[in-house]
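*Asks:* The structure is given below, and queries will be raised subsequently.
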Amino acid sequence: MKVLKFGGSSVGSPENILQVKKIIESQQESCIVVVSAFQGITDQLVELATLAMQRTETYKNELHAIEKRHIAVVHELVAHDRQNSVLENVKAKIKELADILNGIYLLRELTPKTQDLVLSYGEQLSSYILSNIVEKAVFYDSRQFIRTNSNYGSAKIDFDLTDQLIMDYFQAVEEVPIVPGFIASDETGETTTLGRGGSDYTAAVLAATLNASILEIWTDVDGFMTADPRKVAKAYAIDSLTYAEAIELSHFGAKVVYTPTIHPVYKKNIPIAIKNTFNPSAKGTIISNELSENESALIKGISSIDNISLISIQGTGMVGVTGVSMRIFRALAKYKVNVILITQASSEYSISLAVVPADSNKAKTAIEEEFQTEIFLRNEIKVTVENDLSVIAIVGERMKNTPGISASLFSSLARNGISVIATAQGSSELNISVVIRKVSLFKALNSIHEGFFLSHFKELHLFLIGIGNVGGSLLRQIKQQQSKLLDELRLKINVIGIANSRKMLLNPEGIDVDNFKEQIDKEGISFVIEDYIAQMASLNLRNSVLIDCTANEKVASQYAKVFDYYISVVTANKIACSGSFEQYKHLKEKAKKKGVRFMYETNVGAGLPIINTINDLIRSGDKILRIEAVVSGTLNFIFNTLSAEVPMSTAIRLAKEKGYSEPDPRIDLSGVDVIRKLIILARESGYELEKEDVKVNSFLPASCFEGSMDDFWASVEKLDADFETKRLELEKEGKKWRFVATLDRGNASIDLVSIDRDHPFYHLEGSNNIVVLTTERYNELPMIIKGYGAGDAVTAAGVFADIIRVANV
C-alpha cells in the first residue's frame, strides 16, 4: 500500500484535477490519497476571516467567489447522477462557513481556534469533491483519526492515540480513501490545523502508521531540484537524496517538502518520492536512507532563505565566560525566536545568529534584557542587527572528508565579487552555509550552481561596446564558433549587451548576433556610457565581461568603475594602457585586487601573441633587454607599396581606401599609434615609460600635420619627388624603409630606418607586424614574432582569444 499526497497546484483547476484522477486510477497497488485545498483557497480563507473581523462587508463577495469556484468544478467533473447530492453538500459546507464568518463579523473577534475552523474548509471541500470524481473513492475525514493538542494554528499530534485510531479506521479498506490534509481535531473534537506544510505531514503520518511501501508527494516540479529553478534557470531534478540531505535542503528554503514531514517516515525507513503531477513520466526524486552508489556528485543541492537578519553579539565580556551561549538561547526561547543559523568565532569574541526579519527586534530586545549589565553598565558587549541578507546552503553527504569543497564555494563567490558575511559548517560536514547580501543572491546561486553542477560547462556574459569593423567581425566570429566552443571547450558565450556611438541595447536573455545591427537600430536606446555600465552592473550576471572595440577615451576611462562591479575587461582600445603610468598601474592593481581579468593583447600586433609572450617570459624569470618592432600595419603597407608607379601620396591614399589607416591618415603618419604601442610594450617589459620619454623622429615635416585634409594632401604631393629620389637610392643599396619602434634598456625611440637584406624586418610584407625580443635568455638569437598585425578579422580574433582566456581562469 502507498500514500499519495497532492498539493494545491495539483488541484488548482479542473484540468489539473483530471490529471490527478488519471494518476490515482492508474495505480497498480492500493493507495490512500491526501489532498490539499484548491490552489490559493487557504490564502483566500485567511483574508475572508480578517475582513470579517474588520467588519468589511466585501468578505461576502470573496466567499461567493470561493463557492462559485468549487461549484464550477462539481458541474464540470462530477458525474451527472451524483451532481445534485454533491452540490447540496458543498453548499451546506459553504453555509456553515458563512455562519462562522458572520459570527466573526458580529463579535469582531478572530481567535486561533476559530481561524483553524475557517481554514479547514479548504481541505474539507477539495477532498470531498475529489472523492466524488475519482472512481471507487470514498471521503475519509482526517479529524476522525488524527488527534492533536489544542495549540491552534500549529497543533502537535498525539501519536499514541492517532496511531491507534488510524489502524482502526483503515483496517479493511477496499475503496480509495480521499483524506483532507492539514486538518485534525483535539480531544474535545474541535478542529485544529497542523501548521505550514500540514498536508505533507498528514500524508507522512498515515504512511508511517500503516507501514506504506512509499510516500509519493505530487507537486508541480520534477522533484527536488539542484537549486530553485525560479532563481537558477539551469537547475535540474536530483535523482536521489538521503533523509538528512532532504531535511537540510528543506530547512534552508527548499519548499518541495515540509521538514517535519520527513520524520515519521524516516523512523520507519519508508522512502519518499517527489513526483510531478504534470509530468508523471519524469523520474522524480527518491528520498531514502540509502546513499546512491551511482551518484558521484559531492553536493546534492543548493538551497537558500531569501531574507534574513543577522544578530551579532560581540565584545570582551564574552571571552572565556562560561554559559554565554546558554543565556543567549534561553533569552531567545523566552521570546519564541527561532534561530536559523549560528556561528561563533573561536576566540569567543563574537556570536552571530540568523533569524527571520520579523523576529529581529524581538531577538535584539531579548538579548539586551539578558545581558543588560554587560551591555549598558560595563560596555563589554555590543548587539547589532544587520538586515537585507540571505543564507545559502550547499548540502551533500559526500562532502564529508572531501577536501576543497569550501575552497570551491568561496572561490565561486569571490570570482563574482560576492562577499561572505558569515559562514557555518557542522562537524557532520553535511552542509556549508554562508550569509551574503540579499542583492547578490541570484548571482551567488548561479555562480555556485555553475561551479558544482555545471563544472563541465561554463557561461560568459559579454557586453560589447563598438560594433563597427572590429566589433562586428567579433560578433560574426562568436556566432560561427559558438557550437564548437560548447562541444570542445564546454564554453557558452552569451552576448547580453551591444553599443555603438549612438545607441545601446541590453537583453539579459541574450542578443541574436545574426541581426545585431537591425536589433540595435530598432530596439536600442540612446548610448550613454555611464548608463550602459550601470545597467550592466544591475543585471548582476556572473562571469560578465566588458569588451571595448572602440578607440574612445571616455569608454577607457570607465574601466576602474567596471572592475568595482567585479566585471572583467577585454579591450582593443590602447588609450587606457598608454595613458599615464599611474593610470596603467592603478588599473592593473585594481583588476588584481578585485579578482577579475584585464586583457589587452590586441593593443599591440592585433592577434599576434606579443604581450602574453612578454608576460610569460617575465613570469618565468627572464628580463627584456631590447625590443625592436614594426607595429604599424598602415606604415608598413605604405612603405611596401612605394614604387616608381606609386608615389608617397598615392600609397597613403591606398592605405586609407583599404581601411589600413584611420579616416585621417595623419594620425598614423604622426606615429601616435606606434608611440602608444611602444609605451605598452615597455610597461609590460617592466619599464616605467611615459609618452614624453619616447624620442620620435618624424619622416614628414611638421607642416603636413597643420591645416585641413586638403592642405595635407597638397603638402604630401609636393614631397613625392623627394621620397622617390631617396627610394631609388635605397633600391640601389638593396635596402628598404621600415618605421621602427625601439626600446633599449628603458630608452625608447621611433624612427624611419633603412633596413638591409640581412635584417629580419627586410622581408616584412604588406601590413604585417614584427617584434624582435632580446632577453637575458634569448640574447644571441632573439625571439621573433611575426604575422598579420592589422585588419578587422585578425584583431577580432585576438579579442576573441582574450575572451576565452577570461573563461579559462
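The values are calculated or read from the model by the stated rules, or taken from the named source; none is laboratory data. All of these numbers come straight from a predicted model, not from anything done at the bench. Please note: Cβ atoms are built from the backbone with ideal geometry, for glycine as well, and neighbour counts cover all protein chains shown. To get the accessible areas, we keep the full protein, side chains included, count just its heavy atoms, and leave off ligands, DNA and RNA. Shrake-Rupley method; radii C 1.70, N 1.55, O 1.52, S 1.80 Å.
*Asks:* Counting Lys and Arg as +1 and Asp and Glu as -1, what is the net charge of the other residues whose Cβ lies under 13 Å from the Cβ of LEU608?
*Replies:* Within the 13 Å Cβ shell, the charges total 0.
*Asks:* Check THR219: other-chain or 5+ apart residues with amide H under 5 Å from its amide H, H built from backbone geometry?
*Replies:* It is LYS275, ASN276, THR277, by chain and number.
*Asks:* Please list, by residue number, every one of the GluC sites (Glu not before Pro) in segment 695-729 that is coil in DSSP and has at most 10 other beta-carbon atoms within 10 Å.
*Replies:* Here no loop site has a sparse enough neighbourhood.
*Asks:* Hey, how many Å between the Cα centroid of segment 82-117 and the Cα centroid of segment 581-612?
*Replies:* Segment 82-117 and segment 581-612 have Cα centres spaced 72 Å from each other.
*Asks:* Just to check I understand the Karplus step: with θ = phi - 60° and J = 6.51 cos²θ - 1.76 cosθ + 1.60, what whole-Hz values come out for segment 352-360, glycine and proline as x?
*Replies:* Computed from phi, the couplings for segment 352-360 are 10, 10, 9, 9, 5, x, 5, 9, 5 Hz.
*Asks:* Considering only protein heavy atoms and a probe of 1.4 Å, how much of the accessible area of the chain is carbon and sulfur, as a whole percent?
*Replies:* 48 percent
*Asks:* Could you give the size of the charge dipole of the chain about its Cα centre, using +1 on the Cβ of each K and R and -1 on the Cβ of each D and E, expressed in debye and rounded to the nearest 20?
*Replies:* The calculated dipole for the chain is roughly 800 debye.
*Asks:* List every residue whose amide H lies under 5 Å from the amide H of VAL495, counting only residues 5 or more places away in sequence or on a different chain, with H placed 1.01 Å from N in the peptide plane.
*Replies:* Amide H neighbours of VAL495, under 5 Å, 5+ apart: LEU462, ILE511.
*Asks:* For ILE238, which sequence-distant residues (separation of 5 or more, or a different chain) have an amide H within less than 5 Å of its own amide H, given hydrogens modelled in the peptide plane?
*Replies:* Distant-sequence amide H within range of ILE238: PHE224, MET225, THR226.
*Asks:* Could I ask something else about it? Leaving ligands, DNA and RNA out of it, work out the accessible area of ASP710 with a 1.4 Å probe and give it in Å² to the nearest 10.
*Replies:* Counting only protein heavy atoms, ASP710 exposes about 120 Å² to solvent.
*Asks:* Net charge near ALA331, counting Lys/Arg +1 and Asp/Glu -1 over other residues with Cβ under 14 Å of its Cβ?
*Replies:* Neighbour charge sum, excluding ALA331 itself: +1.
*Asks:* Determine the shape class of segment 595-748: with a ≥ b ≥ c the square roots of the Cα gyration tensor eigenvalues, call it rounded for a/c under 1.5, and otherwise prolate if a/b is greater than b/c, oblate otherwise.
*Replies:* prolate
*Asks:* Then there is this: Filter LYS268/LYS362; LYS695/LYS732; LYS503/LYS561; LYS68/LYS268 down to the pairs with a C-alpha to C-alpha distance above 32 Å, please.
*Replies:* In this structure, LYS268/LYS362; LYS68/LYS268 exceed 32 Å between Cα atoms.
*Asks:* Using the heavy atoms of the protein chains alone and a 1.4 angstrom probe, what is the accessible area of the chain per residue in square angstrom?
*Replies:* 45 Å²
*Asks:* Another question, if that's okay. Ratio to report: Rg/Rh of segment 77-185, with Cα atoms as the point set and Rh obtained by the Kirkwood method; give two decimals.
*Replies:* 1.02
*Asks:* GLU717 versus ARG805, label points 7 Å from Cα toward the beta carbon: distance in nm?
*Replies:* Going by the 7 Å Cα→Cβ label model, 4.6 nm.
*Asks:* Once you sort the root eigenvalues of the Cα gyration tensor of segment 364-479 as a ≥ b ≥ c, which label holds: rounded (a/c under 1.5), prolate (a/b larger than b/c) or oblate (the other case)?
*Replies:* Taking the square roots of the gyration eigenvalues as a ≥ b ≥ c, segment 364-479 is oblate.
*Asks:* Also: Between segment 775-809 and segment 372-414, what's the alpha-carbon centroid distance in Å?
*Replies:* 44 Å
*Asks:* Given R₀ = 41 Å, what would the calculated FRET efficiency be for ALA702 paired with LYS588, taking r from the Cβ atoms and rounding to 0.05?
*Replies:* After rounding to 0.05, the efficiency reads 0.70.
*Asks:* So, one more: Through the Karplus equation 6.51 cos²θ - 1.76 cosθ + 1.60, θ set to phi - 60°, convert the phi angles of segment 51-67 into ³J(HN,Hα) values in whole Hz; use x for Gly and Pro.
*Replies:* 4, 5, 4, 7, 6, 9, 4, 5, 4, 5, 5, 5, 5, 4, 5, 5, 4
*Asks:* Also: Not counting ligands, DNA or RNA, and with a 1.4 Å probe, what is THR602's accessible surface area in Å² rounded to the nearest 10?
*Replies:* Surface accessible to solvent at THR602 totals approximately 10 Å².
*Asks:* Can you give the accessible area of VAL383, probe radius 1.4 Å, in Å² rounded to 10?
*Replies:* Rounded to the nearest 10, the figure is 20 Å².
*Asks:* Further, regarding this structure: Between segment 452-520 and segment 341-356, how far is it from one alpha carbon centroid to the other, in angstrom?
*Replies:* 44 Å
*Asks:* A further question on this structure: Would you compute, from DSSP H runs of 4+ residues alone, the mean residue ellipticity of the chain at 222 nm, taking -39500 (n - 2.57) per run and dividing by the full residue count, rounded to the nearest 500?
*Replies:* -12500 deg cm²/dmol, from helical runs alone.
*Asks:* Here is a follow-up. Using a 1.4 angstrom probe on the protein heavy atoms only, line up GLU692, GLU62 by accessible area, largest first.
*Replies:* Listed by decreasing accessible area, they come as GLU692, GLU62.
*Asks:* Further question on the same structure: Over the Cα atoms of segment 1-148, how large are the radius of gyration and the largest Cα-Cα distance (Dmax), in Å?
*Replies:* Considering segment 1-148 through its Cα atoms, Rg and Dmax are 15.9, 52 Å.
*Asks:* Now for a separate question. Step through the residues of segment 369-383 one at a time and calculate ³J(HN,Hα) from phi using the Karplus curve (6.51 cos²θ - 1.76 cosθ + 1.60, θ = phi - 60°), rounding each to whole Hz and writing x for Gly and Pro.
*Replies:* Going residue by residue, I get 5, 5, 10, 4, 5, 5, 7, 9, 9, 8, 6, 9, 10, 10, 10 Hz, with x marking Gly and Pro.
*Asks:* If you don't mind, there's one more thing I want to ask. If only Cα atoms are counted, what is the Rg of segment 47-88, and what is its Dmax, in Å?
*Replies:* 13.8, 42
*Asks:* I want to verify the translational diffusion coefficient of the chain in µm²/s; compute it with Stokes-Einstein, Rh as the Kirkwood radius over Cα pairs, at 20 °C and 1.002 mPa s.
*Replies:* The diffusion coefficient I find is 66 µm²/s.
*Asks:* Based on a Kirkwood Rh over C-alpha pairs, give the Stokes-Einstein translational diffusion coefficient of segment 121-172 at 37 °C and viscosity 0.692 mPa s in µm²/s.
*Replies:* The diffusion coefficient I find is 262 µm²/s.
*Asks:* How do HIS70, HIS251 rank by accessible surface area computed with a 1.4 Å probe, from largest to smallest?
*Replies:* Largest to smallest exposure gives the sequence HIS251, HIS70.
*Asks:* Assuming 0.36 nm per residue, please report the length gained on full extension of the stretch LYS484 to GLU662 beyond their Cα-Cα distance.
*Replies:* Extra length available between LYS484 and GLU662 comes to 60.7 nm.
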